[in-house]
Amino acid sequence: MSDQMQQSFASKANLSYQLSEQLGREIVNGVYQPSAPLPTEAELCEQFGASRTAVREAVKMLTAKGLVSSKPRRGIRVSAPDDWNYFDSDVLAWALQGAPSLNIVKEFFQLRVAIEPEAAVLATQYGTEIQKTAILDAYERMKKSGSFTDEAVHSDLDFHTAVLFATNNRFFIRLKDFIRAALNITVQHTTPANWSYEEVLLSHERVVKAIINGNVERARLNMRVLIEDALMLLDND
């Protein structure tokens with residue numbers, strides 16, 4: 001493929017993604033109600049100055065995320081929220097950005113309670129020395145970065161991602177983008193107003209020590225407490 005062809009393909013793909021992102025945000029934020037039709041293909045082409053090919057690719061992306069459905073003689077219609085794929089990192093980020101409902105934030109933490117304590121167990125049992133060192137390294141960067149800075153948040157995301165990788169379980173690892181996308185948004189709902197950074201560090205330190213020392217039950221308990229403490233802060237808001 002020539003450079004010109006590659007650039008043309010990349011430009012179309014980028015336009016399709018931008019179109020799907022704008023429409024996706026509008027759907028998730030209620031601009032288009034469930035069962036309501038989206039603009040027609042021709043209208044979208046005119047509105048965004050896009051080709052039919054770019055528009056069709058964007059609709060395919062939205063369909064894959066469960067946000068729309070397209071049928072002959074029915075057009076493109078918005079799906080019900082229950083059909084949206086919240087495990088898609090884009091959908092989750094759009095739902096959590098701005099002023100997300102407290103319910104969806106709580107539901108995310110409730111799911112974390114079901115997932116991450118068991119991930120900590122698997123990391124304890126099957127994580128390699130290198131993988132466990134990555135968990136420790138993320139924690140150490142949290143300590144050095146200072147209270148609730150951008151670097152602290154980034155290191156916290158790395159911490160939870162490193163635990164997932166240390167499970168060496170392809171299904172847990174597949175959740176990494178989902179966990180990062182949601183954590184990056186929801187951290188603002190639990191910190192810094194209601195929780196001291198020293199408590200945050202201590203809760204993470206307990207998880208690290210349990211995993212490195214091979215204490216399975218402590219790893220499970222400490223990760224569960226870490227997440228439930230954050231959930232309790234939400235309940236007290």
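A straight chain from residue 149 to residue 36 at 0.36 nm per residue would run longer than the Cα-Cα distance by 36.5 nm.
Does the chain come out rounded, prolate or oblate, given a ≥ b ≥ c as the square roots of the eigenvalues of its C-alpha gyration tensor, rounded meaning a/c under 1.5 and, failing that, prolate meaning a/b above b/c? It is prolate, given that a/c is not under 1.5 and a/b is the larger ratio.
Contact order for segment 46-176, expressed relative to its length and based on alpha carbon pairs under 8 Å spaced 6+ residues apart, stands at 18 percent. Carbon-plus-sulfur accessible fraction, segment 87-237 (probe radius 1.4 Å, protein heavy atoms only): 52%. Only Cα pairs under 8 Å and 6+ residues apart enter the sum, and on that basis the relative contact order of the chain stands at 19 percent. Counted as membrane-span-like here are DSSP H helices of the chain whose alpha-carbon atoms extend 27 Å or more along the helix's own axis and whose Kyte-Doolittle mean is -1.0 or above; these are 3-28, 102-126, 216-235. Report summary: the helix-based calculation at 222 nm, which adds -39500 (n - 2.57) for every DSSP H run with n ≥ 4 and divides by the residues of the chain, gives -23500 deg cm²/dmol. Cross-link pairs exceeding 29 Å in C-alpha to C-alpha distance, out of 176/209; 106/209; 60/132, comprise 60/132. The alpha carbon gyration tensor of segment 145-186 gives principal lengths a ≥ b ≥ c with a/c of 1.5 or higher and a/b no greater than b/c, which makes the shape oblate. The mean sequence distance of close C-alpha pairs (under 8 Å, at least 6 residues apart), as a share of the length of segment 20-109, puts its relative contact order at 31 percent.
The values are calculated or read from the model by the stated rules, or taken from the named source; none is laboratory data. Quantities reported herein were computed from a predicted structural model and do not represent experimental measurements. Protein only, heavy atoms only, side chains kept; ligands, DNA and RNA dropped before computing areas. Shrake-Rupley method; radii C 1.70, N 1.55, O 1.52, S 1.80 Å.
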